[in-house]
1. Using modelled amide H (1.01 Å from N, peptide plane; none on Pro or chain starts), what sits under 5 Å from the amide H of Leu91, excluding residues fewer than 5 places away?
2. So what are the ³J(HN,Hα) numbers for region 333-342, from phi and the Karplus equation (6.51, -1.76, 1.60; θ = phi - 60°), rounded to whole Hz, Gly and Pro as x?
3. Which one, Pro87, Gly194, Leu66, projects farthest toward the positive side of the charge dipole computed for the chain from Cβ point charges (K/R +1, D/E -1)?
4. Taking the radius of gyration and the Kirkwood hydrodynamic radius from Cα positions alone, what is the Rg/Rh ratio for region 58-281, to two decimal places?
5. How much net charge surrounds Arg316 when only other residues with a Cβ under 12 Å from its Cβ are counted (Lys, Arg +1; Asp, Glu -1)?
6. Quick check of the Kirkwood formula: for the chain, what is the inverse mean of 1/r over all pairs of different Cα atoms, in Å?
7. Search the structure for amide H atoms under 5 Å from the amide H of Val327, placed 1.01 Å from N in the peptide plane, and list their residues when 5 or more places away or on another chain.
8. Taking Cα atoms, how many degrees apart are the long axis of helix 13-22 and the longest axis of the chain, rounded to 10 and kept between 0 and 90?
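Derivation of every value follows stated rules applied to the coordinates shown; laboratory data play no part. Keep in mind that this is a model prediction, so the values were computed, not measured. Cβ sites come from the backbone with ideal geometry, for glycine too, and all protein chains shown count toward neighbours.
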Amino acid sequence: MVSARTRETPISAIKAMSIRGAQFPDAVSLAWGLPSFRTPAHVRDAVAKALSEDPQSGMYALPAGLPEFRMAAARDFERRSGRAVDPDRDLTITAGNMEGLNTLFHVFLDPGDEVVVTDPGFVSHFHQIRFNGGVPINWPMNEARGWEPEPDVLPELISDKTKAIVLVTPSNPTGRILKEETLRAVARIAKEKGLLVILDDPYSHFTYENRASFFNLAALPEVAESLVYLFTFSKAFAMSGYRVGYMVIPAPLRDAIVKIHDMTMICTPRISQVAAQAALEGPREHLVEFERILARRRDLICERLDALPHLFSYVRPEGAYYVFPKVLGEDDDVGFSHRLLDEAKVTVTPGSAFGPSGVGHVRMAYCVDDSAIEAAFDRLERHFPR
Ligand SMILES: Cc1ncc(COP(=O)(O)O)c(C=O)c1O
């Protein structure tokens, strides 16, 4: 009953491990990047108020999103990039970055078109590109250089079929904050070759002590005509279940994006748009609090990794909330991850799911409660005594 195209698309390894882990009631999960935080109170209050007072809050909106929310999103983008965009021409509302990216790939890819992605990179990017007829081309992140990709090799990866390059900084799964010089090189090469630059941004609010070295590629005039910038409320505002984000796009793509978004889901749920607008217009103290807690959890997970030098080596993550350790003496990260769940009741994501450079690694998400990190590592220490 299932089409060939669907059969050939594997389920995301992150979800596959999380689904399997859920069958073990006593398993501790570091597999899913789902923050433990509650949605900020001012957002919840705005939702409650809209539900009780606004008779339209349960209704469809037009596909591009509520005009006042688009305006707030345009202001947010300008505040962070210094670039003014027109909320009616350059911006549209998504049901989160996953939906935004799937719609985008659908809109600009013809069969056989190539898209450069980092390796390791975000699992769903590869699947979405393939599902929409494209071919992901891996740009290796170099573990020996702290997971920084090398700009010098980028031109060799670009062919007549290359249409775009996708970046995530801070990176999932490595936690690397890409260097300004790397991002400037990407912008220069993309301009020379006429490529779209796609910036998938769930994590730029989580840069810890490295805020000053975080460089916002969206601010560069070289990419103004070719940038697709996707912001999601899932992580920074703990709104993953609301399914909402915004996308800044080159004007020639916008109507096509809105058309496919409409064909898929008509609109992002109106109440989620109300929630996200309140998120942008309300206080920001929670961001400081989230970052403070995540910084503590990063210290904790790094300390616990340091106590297992016979099992893991790792690069200390600079941002986001993932660490991507190498499992010493083990190439079969899939087998390792399954055995870990079966025998030690700890769920992690196998690194090879993130690309060939992830072979022999696992991804651990430290956005979970401190107690979950402690419990997972107590079990690892018991299972792998020195
Ligand atoms: C790089 C990246 N893109 C997109 C997403 C999904 O974002 P959203 O919840 O907005 O669909 C994630 C979630 O983990 C992610 O890490």
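1. Under 5 Å from the amide H of Leu91 lie the amide H atoms of Ile249, each far enough along the sequence or on another chain.
2. 5, 5, x, 4, 5, 5, 5, 4, 5, 4
3. Comparing the listed Cα positions along the dipole, Leu66 ranks first.
4. 0.94
5. Values: positive: Arg176, Arg298; negative: Glu209, Asp299, Glu303, Asp306, Glu318.
Net local charge, Arg316 excluded: -3.
6. 21.5
7. The answer is His361, Val362.
8. So the inclination is approximately 60 degrees.
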